[in-house]
1. Taking the Cβ-Cβ separation of residue A:14 and residue A:167 as r and a Förster radius of 35 Å, what is the calculated FRET efficiency to the nearest 0.05?
2. Return the sequence-ordered ³J(HN,Hα) values of segment B:247-264 in whole Hz as given by the Karplus equation 6.51 cos²θ - 1.76 cosθ + 1.60 applied to θ = phi - 60°, using x for Gly and Pro.
3. Over chain D, what is the relative contact order in percent, taking alpha-carbon pairs closer than 8 angstrom and at least six residues apart?
4. How about residue A:240: which lysines have a C-alpha closer than 21 Å to its C-alpha, ignoring those fewer than 8 places off in the same chain?
5. From other protein chains only, count the Cβ atoms within 10 Å of every residue's Cβ in B:111-121, then give the mean.
6. With +1 assigned to the C-beta of every Lys and Arg and -1 to the C-beta of every Asp and Glu, and no other charges, what is the dipole magnitude of the protein assembly as shown about the Cα centre in debye, to the nearest 20?
7. Please list, in order along segment C:25-40, the HN-Hα scalar couplings obtained from phi with the Karplus expression 6.51 cos²θ - 1.76 cosθ + 1.60 (θ = phi - 60°), rounded to whole Hz, x for Gly and Pro.
8. Restricting attention to segment D:231-274, which trypsin sites (Lys or Arg not before Pro) occupy a DSSP loop and are surrounded by at most 13 other Cβ atoms within 10 Å?
Number of protein chains: 4
Amino acid sequence: MPTQSENGVTNWGRWGADDQQGTLNLLTPEVVSHAAGLVKRGKVYSLAMPLAFDGPQWPTRHRTWKVTTFGVQPNGRGSADDVVTMHSHSGTHMDALCHVWYDGQLYNGHSAAQHVTSAGATRNAIDHVTSIVGRGVLLDMAGFKQCEHLQAGEAITAADLDACAQAQGVEFRPGDILLLRTGWIRVFAQDRELFYASEPGIDVSTLPWLKEHDIVAVAADNHAVEVMAQVPPPDLPIHKVGIRDLGLYLVEYLNLEELAADRVYESLVVIAPLPLTGGIGSPVNPIAIA
Amino acid sequence: MPTQSENGVTNWGRWGADDQQGTLNLLTPEVVSHAAGLVKRGKVYSLAMPLAFDGPQWPTRHRTWKVTTFGVQPNGRGSADDVVTMHSHSGTHMDALCHVWYDGQLYNGHSAAQHVTSAGATRNAIDHVTSIVGRGVLLDMAGFKQCEHLQAGEAITAADLDACAQAQGVEFRPGDILLLRTGWIRVFAQDRELFYASEPGIDVSTLPWLKEHDIVAVAADNHAVEVMAQVPPPDLPIHKVGIRDLGLYLVEYLNLEELAADRVYESLVVIAPLPLTGGIGSPVNPIAIA
Amino acid sequence: MPTQSENGVTNWGRWGADDQQGTLNLLTPEVVSHAAGLVKRGKVYSLAMPLAFDGPQWPTRHRTWKVTTFGVQPNGRGSADDVVTMHSHSGTHMDALCHVWYDGQLYNGHSAAQHVTSAGATRNAIDHVTSIVGRGVLLDMAGFKQCEHLQAGEAITAADLDACAQAQGVEFRPGDILLLRTGWIRVFAQDRELFYASEPGIDVSTLPWLKEHDIVAVAADNHAVEVMAQVPPPDLPIHKVGIRDLGLYLVEYLNLEELAADRVYESLVVIAPLPLTGGIGSPVNPIAIA
Amino acid sequence: MPTQSENGVTNWGRWGADDQQGTLNLLTPEVVSHAAGLVKRGKVYSLAMPLAFDGPQWPTRHRTWKVTTFGVQPNGRGSADDVVTMHSHSGTHMDALCHVWYDGQLYNGHSAAQHVTSAGATRNAIDHVTSIVGRGVLLDMAGFKQCEHLQAGEAITAADLDACAQAQGVEFRPGDILLLRTGWIRVFAQDRELFYASEPGIDVSTLPWLKEHDIVAVAADNHAVEVMAQVPPPDLPIHKVGIRDLGLYLVEYLNLEELAADRVYESLVVIAPLPLTGGIGSPVNPIAIA
């Protein structure tokens, strides 16, 4: 019997007691076809930050470590390869539904103690996310608020999301992928200390909104999608309720600058995580096509 | 002054002396728009094999190593992450244009000794591949030859490619992504020893064909795209000429089984490598949308 | 309150409720001085196996992964380094006292759940073992039994230890390091499949013997010191009682061939683990000086 | 034919054209026996710094990365292990004779290009150092100069070494291991920025001195044994001539504080590197016994 969601919103049981995919179930063929129809100019955007030694990365994680191996024969013929050691949550990445839990329970009511070990997750792991393909809707909050970036600790409410959508002239459809631009990723290049101390993002008022609009994923240009007055914060309610209760996907550290500059408010979005067996997440290179 | 291609075909200089992207230059907005128009049913295919400890992987490479870290607070709240050590050429992956060279020169005539070190590649690295998005054309050679899979060491010639395309009723367009199904990936599950000893694939007769048809990438369901009588082989001419002379992308270890079963001979294909700074390649989860 | 040792022997509380070093407490200055006095010929033996990709290593662990980085300047000046990814229990290695537990309790009665996390151990970790320096006593069981190596699954009892010591003419002193030669390490080179299927070693009858003789460490030329009819075995009583109840150190995969050939039955032994903060063990290169 | 040493001192050819061990050849049984005879009180010193995430480590290297894996059965029985990713030159460590070269040649005149690749070194690698066991002579330069630590960029000359030895009342013997205390390791805890900017150490005047005294190894409490006005320095002559021409071993980041406090000017020293096949160095836990 599932623990009641601490926020009152839940998708447990909605797609069956055995479901491990959460909001991916909303990505119907109709959603995909409609999204493909949004491609007009044929312009492709990579929404990933460079996957580099110095991040961006959650500050308590280790840095991405890459070594290149190579060999050359006397005749000048050669080849190379890399060896990479990294967190699956490095750089631009997405969280699997086993990433966080509370009351000892994962999404859809399974025991974390039983399913999450050093060997990986036996439920809700990233290899259940074959892809996220659908309509991406950009809410350019920084553009809407006419600022370079939202401020440290500045909350985005459900009302803010509606106001921004209205100003941009976009309406949401079930199965949308929300691309949320706070402008915070600019701070990464400008002020590393500020970047790692806090962030603007959505607050708990958006949880019923996300449920109501049947959002599949929130992909934002900050650490953790949600507002944090400090890093690490005392609580991460969007992670807890979004991932564990709604089965919602969070994607982090996106670069939405060019998409916003081009005012691409809707596009075909493809996010394709690596199918790490039992993995808790994956680095990704999200693609938007307009 | 570039060394003459050993096969006589080359794209050096075609997109400027400073080009680092090779055939990606063929992916014009028109190519992308046309490919998006191929989406009819809204069905999405993940073409990746599981990214797991035991491959598939080039046999001389180390195995993918994943450890999950997790923590639980006394109140039952917890979170997890993974630490992964892997080759960038692990599982389903793509090769950057700096992956192989001969006569000491990389694609477009740059010195390998100068540009490839333990710290990575300073030319033609994977972070120059923001994405490959275009029309994917599946040539189901195993289906065409009415066999479960092509035989070990069986060569696919340019004439075979034409015959298969004709039988399937597809024609190529500049900027196409060739999805080549040999059926060899089935051997991975059936006979590991055979799988790692050899493979069917394209031979040198296809190099002028790939150039003439302006193929952007060849993505195949085997180790190395090209035919190998033994592993490792004495030579890898498709790697050498394809990557170094044509600036062509090779993508390996795809799972094309479902795409072939559905006879999806053309689709919108999205391949989005991780932007590893200076990286020699990247694991990928190629997506086809039909 | 400590759980009663399942074997009836325990050192809990013997060196204080807060002790984290176990039998290291037996290594008094007198023990060390006496051991140094055993050096006569000035011959030094390295008792480690090569630390290589293919082991020896517990079969369920990943293989040691080493990549060398190097750089050369145009004037021919250069330098190199390695990047290593490995288990701390790789090759010849020693177990920290936090390596195994039962009834949820570590050596000296502390909670495993509280002290062992993905971040390491906060009690009984390898960095509490600054070194093991003392008198090493070799029991050459294979020599005593006049066989190349003991058989798979062959048990060494307390009576066997006594008989072998008597035949060799050695007597034990408190604080001794037992170097136990089964000959099994020879099988590593001869028959890899047999090597990883089983092993000869000490059985539970030796636990009171180890306690009575105040042995500091048992260092053997096999996987796990103790007899195993199969790998992995259903139970590892020497690990459980030896490490958790006696605070005894186990050192594994030694090469004792040369020491036995020279009949060095007593020597000064130095085992110096890497002080990995919070580590569960360490690879070592044990040294015997005679 | 060897390139002339840039300093005029060399041991090339001294122990045969095929020698890969350099000054280890000086560690005769007599040297070892004599050193063992120095043990009086039976006190053991570990001379290693903690092997931890944040060093000490050469600032351009990655940090040591350790993850602990563990598993618990329902009955409370469990076990743990670590996965470590690190440079072989992490924390307290020793350099193999293949670590640096100039004029394209390694120690004893072999080609670096031929013998050092991404796969490791095929000459002069760390697995040729089975151990360093001999008489350690501490020169406490900081104590001699009555300062907490020598200053950044302060050079220690051959005359300084002699003066310090005389003041301490010690004389050198062929095959000695020089333990050099500058006090700089104290700066690691006090001022991390200063620690990584520079260091006191021996200068080029000591090279003939090291040759003349037949020193086997110099083990110091700083980054690189030798004086550096800045990090990284334009040149590292002690590394170049010491390692490549003399076949001398350098051991770095030692903690000599307790040894100096106890005025242990001579002791039995045991340094036992991990036998990493083809490795360029190894972390070590050097042991002194007095």
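Bear in mind that the values in this text are calculations on the coordinates, not laboratory data. Being a predicted model, the structure only gives us computed values, none of them experimental. Quick reminder, even Gly has a Cβ in these numbers, built from the backbone with ideal geometry, and neighbours come from all protein chains shown.
1. 0.65
2. x, 8, 9, 10, 10, 10, 6, 6, 10, 10, 4, 5, 4, 6, 4, 8, 6, 8
3. It comes to 31 percent, rounded to a whole number.
4. Qualifying lysines at Cα under 21 Å: A:211.
5. Going residue by residue through B:111-121 and averaging, the value is 5.
6. In total the dipole reaches around 0 debye.
7. 4, 7, 7, 7, x, 5, 4, 5, 4, 4, 5, 4, x, 7, 6, 10
8. Answer by residue number: D:263.
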